[in-house]
Amino acid sequence: MFVIRFKKFFIGLSIFFVLAAIASFAIFKLPLGIDFTGGSALDVEYSGARPTTAVVSAAIEHAGFTNSLVQPVGEHGYMIQTREVSDTERAVIVAAAASVDPKQTVTQTSFTSIGPSVGKELKSKSIASIILVLIAIILFVAYAFRKVSQPISSWKYGIAVIIALVHDIIIPVGAFALLGHFYGAQVDTLFIVALLTTLGLSVSDTIVVFDRIREHLNGSKAKMPFPELVGESLSETFVRSINTSFVVLVMVIALAIFGPDTTRLFAITLAIGMFFGTYSSIFLASPLLVVMEGAQDKKKK
Amino acid sequence: MLKRRIIALVVLVVGIVLGYAVIRSEQPNPPAILAHHPFALGLDLSGGTHLVYEADVSQISAGDIDTSMESVREVIERRVNSFGVSEPVVQVQSGGFGAGNSHRLSIELPGVTDIEKAVALIGQTPYLEFKVQSDSPQQATVGADGKVNIDVTGQFVSTGLNGKYLQQTRLVFAQGSQEPIVELHFNDEGAKLFAQITKDNVGKVVAIYLDGQVISAPVVRDTITTGTAEISGGFTPEEARALVASLNSGALPVPIKLISTETVGPSLGAQAAHAGVNAALIGFGLVALFLLVWYRIPGLVAVIALGLYVVITLTLYKLIPVTLSAAGIAGFIISIGMAVDANILIFERAREERLRGKSVSEALSAGFTRAWTSIRDANTASIIIAVILFFFGSSLIKGFALTFGLGVIISLLSAITITRLFLRALPTPTASKAGKFLFSSGFTNSK
């Protein structure tokens, strides 16, 4: 199986992507959205051609809302993001956006305001749920593979899964930092959901391969050298992994292209996550098992 | 064989009928039986306003918090209903995972896009409270800037008697001066409390606070056991009338503060719903095409099973009902992809078995039995995540977790049982080249 033969290359590729993602994260940082920082977001739509971002931005600034963010939305609209505002202040913002071009009517299509305490709470909830998911998955994998201890002990499957999971989280985070820097994307609760869903799908893929290894270790191929056995298991499940991920990816990309605006970034994050999640299941987790077995062998000798 | 075919046919017919019912119930003028089950759309799809208030429960004892929050909910709900909002949802959200000791009221107002009006409507709900002089009044202090600071709020303490105990409020006019007076009638419990308070504070001031402001601070002359209190706060008749109306529609036992609002215009919501349906249809079409090309006859069966999965899921959304939001639709769309997973696992397994020399039908049945552990373990992880996300809290995420988790569970059942049922009902494939081709998968490996 070529994956095992060139395992150093594939693991190296993973390390490269992880390092690139960390670099992207360190340079661009994750821009937190109002879900986490508190603040408000107001969508307005112009009846005709919308004025330029700079003009609208200046009008909002002039109305007394400094540090606001104005981003184009759809064909005629803008999203104006600023600190938490009262309802009268909201009306002031809409009026300011309308004052730019008196010939057009401006309608407010959506408005969200989140208090700082809610943001803080969501932040801690998100971190808690990521940790909870990781712990739950590790426990589950350890439980599912508790009876497999030859030639490597069952907790090592858990380690391979954890490394793959960390890989699956870091890469979308790095990619999102890049998206945030160049396209103004912001981390919201849906981003966290995308990350966690990615983890679920990636772990499912990894488990299918490990399940096959488990089956072979308990079956007729038990005598086979471990790297060959892993390679065999991989090649047997390879088409399935690719096909399944492909099908889910088709749905996610359909969601990204044709779906509602609110879930577009979510779908893009998920697509990136799915891609690297599938990669880690095939090209990272299983080769890692072989590497761990090799290290163990050397020690014995 | 005949029995299997009949069952398969029945399942297929039931699926078609359900599918027709689902589509018909979303069209204009559905038959009466279907009209009661429209999709429950979240505010982000139907348009509307979502307000979250935080209650300040610092003044009441821990044991009373739940009943107080419940009465806040009742008061607000009555007020919202009187406003004529269709199907408002008013819920108490207390504490919970990661939320600490917060006590919140979540108010969903479908169709209301005028926040100003909505906030004003709820904001007018009065918060009435009786306070007595503190035993340890705070001393005035002189600040560094030479100004005298007196903390007025510190001079009075809460008594526990508040708007919750009001039974009725009336407007009367004082004899002679014709000054408007607001007459408060407490319920039995409130009357007892009021009697105790007046008994303990004869000769002292009992202050009546409305929305945090003192509106009247009479000196108690005697114990009042009738359960009636009067506010003569120098109102104009109009002010007094408005206050009476407002108190009669319910007064809050605790003060509340608006902490988050969300409004989505109806056209934006409709666009989002439309886009969600489009994405689902296009995705389904592409996946079906892939299954047909790659897995041929079993692929066709998988597409039918997938169609049944979609119909069953949508029917459940209507019957439970599951409130669909953009995130919920996303969860559903992803679950369609996941629903294929089990079938792919089975077909790939069957292909392997066939390569080992088993006949097509033997290989298929071996595929079902041997792929099961993988399917189970792989889906368990997704279910764990859906459960954790569901308890993660915010309604957005709950919507996703529910459709995603429900999808994984339903697909686990439907993909396996339905696919197996149909595959067994099909005629045994012949050993001819065409027969083998139709029941095999992929291109390079089909022997």
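Brief remarks follow.
- Inside the range A:215-263, residues that are among the basic types (Lys, Arg) and over 20 Å from residue A:7 (Cβ atoms) make up a count of 2.
- For the range A:243-296, a residue qualifies if it is free of Cβ contacts under 8 Å to residues at least 60 places away in the same chain and either outside the structural domain of residue A:19 (by TED's automatic domain parsing) or among the aromatic types (Phe, Trp, Tyr) (or both), and the qualifying residues are A:246, A:258, A:275.
- Members of the range B:273-287 found to be buried (at least 20 other Cβ atoms within 10 Å of the Cβ) and small (Gly, Ala, Ser), listed by number: B:273, B:275, B:276, B:279, B:280, B:283
- Selection status of residue B:357, at positive phi and more than 9 Å from chain A (Cβ to nearest Cβ): yes
- If you go through the range B:288-302 and keep only what is crowded, with 22+ Cβ neighbours inside 10 Å, away from chain A (no Cβ under 11 Å) and under 21 Å from residue B:14 (Cβ atoms), you end up with just B:301.
- If the condition is being over 28 Å from residue B:55 (Cβ atoms) and either among the charged types (D, E, K, R) or in contact (Cβ under 8 Å) with a residue 60 or more places away in the chain (or both), then the range B:193-229 contributes B:199, B:204, B:221, B:222.
- Failed item in (1) at pLDDT below 80; (2) within 27 Å of residue B:320 (Cβ to Cβ), with residue B:61 passing the rest: (2)
- The one condition from (1) assigned by TED's automatic domain parsing to the domain that holds residue B:270; (2) without any contact (Cβ under 8 Å) to a residue 12 or more places away in the chain that residue B:21 does not meet is (2).
- A search for C-beta distances below 8 Å between a residue of the range B:236-254 that is of a type in the set (Lys, Arg) and any residue that is at pLDDT 80 or above, counting only pairs 6+ apart in sequence or on different chains, returns B:241/B:171; B:241/B:180.
Yes/no per residue for (1) out of contact with any Leu (no Cβ under 9 Å at 6 or more places or on another chain); (2) in a strand (DSSP E or B); (3) modelled with pLDDT under 65:
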position: B:90; (1), (2), (3): no, yes, no
position: B:104; (1), (2), (3): yes, yes, no
position: B:122; (1), (2), (3): no, no, no
position: B:125; (1), (2), (3): no, no, no
position: B:129; (1), (2), (3): no, yes, no
position: B:138; (1), (2), (3): yes, no, yes
position: B:146; (1), (2), (3): yes, no, no
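- In the range A:171-211, residue nearest to residue A:279 (Cα to Cα) [restricted to those that are charged (D, E, K, R) and surrounded by fewer than 24 Cβ atoms within 10 Å (Cβ to Cβ)]: A:211
- Total residues in the range A:246-265, condition of a type in the set (Gly, Ala, Ser) and facing chain B (nearest Cβ under 7 Å): 2
- Of all residues in the range B:329-348, those satisfying the criterion of being closer than 30 Å to residue B:43 by Cα and more than 8 Å from chain A (Cβ to nearest Cβ) are B:331, B:332, B:335, B:339.
- When the range A:256-285 is limited to residues that are more than 19 Å from residue A:171 (Cα to Cα) and hydroxyl-bearing (Ser, Thr, Tyr), the one that is surrounded by the fewest Cβ atoms within 10 Å (Cβ to Cβ) turns out to be A:262.
- Residue within the range B:356-371 that is over 27 Å from the mean Cα position of the chain (by Cα), under 20 Å from residue A:206 (Cα atoms) and of a type in the set (Lys, Arg) present: yes
Rundown of residues vs (1) over 24 Å from the mean Cα position of the chain (by Cα); (2) without any contact (Cβ under 8 Å) to a residue 12 or more places away in the chain; (3) at positive phi, yes/no style:
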residue: A:73; (1), (2), (3): no, no, no
residue: A:82; (1), (2), (3): yes, no, no
residue: A:94; (1), (2), (3): yes, no, no
residue: A:107; (1), (2), (3): yes, no, no
residue: A:125; (1), (2), (3): no, yes, no
residue: A:151; (1), (2), (3): yes, no, no
residue: A:164; (1), (2), (3): no, no, no
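- Among the residues of the range B:210-238, those identified as in contact with a strand residue (DSSP E or B) (Cβ under 8 Å, 6 or more places away or on another chain) and of a type outside the set (A, V, I, L, M, F, W, C) are B:211, B:212, B:216, B:218, B:227, B:228, B:230, B:232, B:233, B:236, B:237.
- Test set (1) touching a His at 6+ places or on another chain (Cβ under 9 Å); (2) without any contact (Cβ under 8 Å) to a residue 12 or more places away in the chain - residue A:28 fails condition number: (2)
- Entirely in the range A:41-153, the strands (runs of 3 or more DSSP E) that have 1 or more residues that are away from chain B (no Cβ under 13 Å): A:69-73, A:77-82
- Extreme residue, nearest to residue A:115 (Cα to Cα), among residues of the range A:31-62 that are surrounded by fewer than 17 Cβ atoms within 10 Å (Cβ to Cβ) and either basic (Lys, Arg) or free of Cβ contacts under 8 Å to residues at least 12 places away in the same chain (or both): A:61
- Close pairs (7 angstrom Cβ cut-off, 6 or more residues apart or separate chains): at the interface with another protein chain (Cβ under 7 Å from one of its Cβ atoms) in the range B:379-408, surrounded by fewer than 24 Cβ atoms within 10 Å (Cβ to Cβ) and not in a helix (DSSP H, G or I) anywhere: B:393/B:96; B:393/B:97; B:393/B:98; B:393/B:99
- Any hit, the range A:224-245, residues being more than 8 Å from chain B (Cβ to nearest Cβ), of a type in the set (A, V, I, L, M), surrounded by fewer than 24 Cβ atoms within 10 Å (Cβ to Cβ) and not in a helix (DSSP H, G or I): yes
- Residues in the range B:268-315 that are modelled with pLDDT of 90 or more and among the polar types (S, T, N, Q): B:278, B:313, B:315.
- Taken together, A:268, A:213 contain a single residue that is more than 7 Å from chain B (Cβ to nearest Cβ), within 30 Å of residue B:271 (Cα to Cα) and assigned to a helix (DSSP H, G or I), which is A:268.
The values are calculated or read from the model by the stated rules, or taken from the named source; none is laboratory data. Computed from a predicted model, the values in this text were never measured in an experiment. Ideal geometry is used to build each Cβ from the backbone, glycine not excepted, and the neighbour counts take in all protein chains shown.
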